[in-house]
Amino acid sequence: MKSLFLSLLLVSILFMNSFSEVRGRKWKGEGTTQNLESIFIGRCYDYIRIVNPAVGEKNCSELWEAFRNAFINKDPCNILPKDYELFIKLAFHTIPANKSLFWENNQLLVKSFTSGARRYMSLSDALFGFVADFLIWCGQANSTGLDYESCPTMEECENNAVDSFWRMASITYAQHSSGVIHVLLNGSAEGGAYPVKGFFADYEIPNLQKDKISKIVIWVVDDIQGPDRDSCGKNTVKILEDRLKALGYDVTCTDNYKPVLFLLCVDYPDDSNCILSSSAPPAQRRPISSDRGGSWNKLMFVSLVGFLFRSASEY
């Protein structure tokens, strides 16, 4: 009898905990990033003081209020891109010609490659993308507070706070890109390097200003030790090339663009795709240390990556 009572008590406790968790989590997505306001304002000052002071003075507290007012006290499934228009207007700055870099399926690689807008300026290297990168946020209807328990995903509702923000930011970024446009795609991505339904396809390509663009350069780079699923002139990359050419753009495409490939190789210096051949005489090819390859390869890659990046920046 006592054993039955304890079993029933345990089941009741587990049920109540599950009920409380479900009741607290209205949506399937993660809740608002903790300390969102502090992170946002801190990133803003970091950007205008350290990362890219050339953009000039910005009122970071005013930017936060404009950003917050776009989604606070509203149905979290009824936030539209236009709700962020004031924030975008206040945060906007010029995107340098020939420096725009669009991408799909390789966000972390892009952040390393652009080096905080020193080489190229992707959307997340512009102030209006920089302050929100990797963050999650949403409000609640009839409440001035943020929802730290859960936020809706794209599957639950298209017009959620985060996705609507990135639509507006993507549209603005595309509209103000000019000169030579660069596109970095992951040739190892499942489903193809170029998603035919995605931010680049749906919001950025349609908003490029053809009269301001001289060329579109596509780079398709495979993951080191990853499969070669897509390449220039094949599969989804060909779909992208054909679409851009049909729109009247001058398009070039390169597989495994070396500056990006060798950036990946820094983490895989001994991989067969990363080992560099030397034209030096055999007597000069001996290891410079007892590490028989590892340290030498790393030194070679760091030096070569630096050289290629300087060349890419000049281009």
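The values are calculated or read from the model by the stated rules, or taken from the named source; none is laboratory data. These figures come from a predicted structure and were not determined experimentally. When we count neighbours, we look across all protein chains shown, and the Cβ atoms used for this are built from the backbone with ideal geometry, even at glycine. Remember, those area values only see protein heavy atoms, side chains included, never the ligands or the DNA or RNA. Shrake-Rupley method; radii C 1.70, N 1.55, O 1.52, S 1.80 Å.
Couple of notes before you dig in:
- Within the accessible area of the stretch 26-267 (1.4 Å probe), percent carbon and sulfur: 48
- Mean-position separation - Cα centroids, the stretch 114-156 and the stretch 214-255, in angstrom: 28
- For peptides 201-214, 261-274, 88-101, sequence by mean Cβ density within 10 Å, most packed first: 88-101, 261-274, 201-214
- For the stretch 26-267, DSSP calls about 20 percent of its internal beta bridges antiparallel.
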